[in-house]
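The values are calculated or read from the model by the stated rules, or taken from the named source; none is laboratory data. All of these numbers come straight from a predicted model, not from anything done at the bench. When we count neighbours, we look across all protein chains shown, and the Cβ atoms used for this are built from the backbone with ideal geometry, even at glycine.
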């Protein structure tokens, strides 16, 4: 099942990249937009148009500050009205101290997930309109799209990335409950592909203790296989040279 999901994400990402590469081509409908200082307010006005479903993916804001959280009340109203809301954040953005404090008390936190995967800042409204924005060569740029194939690629990638991302509460819990050095070493040895026996010797523990540590961290990260454990550890940035 994990392999199937990974392949599906890869195919949808390839489709999205292919579609986005044609943004400036002839006959393609995305309209370029130049984000101004009131970009957050413009996005909020777009939210007013939602009737059934909205997907919001924020990788890296194009301006400093919590401009997108200004829409908190608006998103809460959408949730209360029965609108399907999915919010995807990059791990880097979710780890902003001020933002993390706001997110912890957010009433729609169950709609928010976090990933280390690369993605474009995106908002998809009712599968009809998509807004994509980012900084390109230091300048803010955006496109609004409604063409069917492009919309499908954007929607598919955003929703499938959301489905496989870590729930916000789990992400914040892991960030504020650091794994000890031994557990991090176990994760890195697993990632390096060494055998249990070799890994145990490197850590100066028995093979049984090493395997018990693996079982414990699998439970802690909510995964069922070693493959899933490696994927989750990578998503959380636990395989980097330092745990911070």
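Filtered by the rule that a residue be at pLDDT 75 or above and under 15 Å from the mean Cα position of the chain (by Cα), segment 100-118 gives 103, 109, 110, 111, 112, 113, 114, 115, 116, 117, 118.
Specify the residue that is farthest from the chain's Cα centre (by Cα); the eligible residues are those in segment 190-244 that are surrounded by 15 or more Cβ atoms within 10 Å (Cβ to Cβ) and in a loop (DSSP other than H, G, I, E, B). Checking each candidate, the answer is 205.
Residue by residue through segment 51-68, note down the ones that are at pLDDT below 90 and either in a helix (DSSP H, G or I) or buried (at least 16 other Cβ atoms within 10 Å of the Cβ) (or both).
If we filter segment 51-68 for residues that are at pLDDT below 90, which is where we start, we get 58-68.
Within segment 51-68, 58, 59, 61, 62, 67, 68 meet the criteria.
Here residue 161 qualifies as modelled with pLDDT of 80 or more, in a helix (DSSP H, G or I) and either assigned by TED's automatic domain parsing to the domain that holds residue 71 or farther than 17 Å from residue 43 by Cα (or both).
Of all residues in segment 117-133, those that are within 27 Å of residue 238 (Cβ to Cβ) and crowded, with 16+ Cβ neighbours inside 10 Å total 5. Within segment 134-145, can one find any residue that is assigned by TED's automatic domain parsing to the domain that holds residue 60, touching a helix residue (DSSP H, G or I) at 6+ places or on another chain (Cβ under 9 Å) and surrounded by fewer than 14 Cβ atoms within 10 Å (Cβ to Cβ)? The answer is no, given that none of the residues of segment 134-145 is assigned by TED's automatic domain parsing to the domain that holds residue 60, touching a helix residue (DSSP H, G or I) at 6+ places or on another chain (Cβ under 9 Å) and surrounded by fewer than 14 Cβ atoms within 10 Å (Cβ to Cβ). For segment 134-142, the criterion of being modelled with pLDDT of 80 or more and part of a helix (DSSP H, G or I) is met by none of the residues. Restricting to segment 69-108, count the residues that are in contact (Cβ under 8 Å) with a residue 60 or more places away in the chain and part of a helix (DSSP H, G or I). Residues meeting the conditions: 5.
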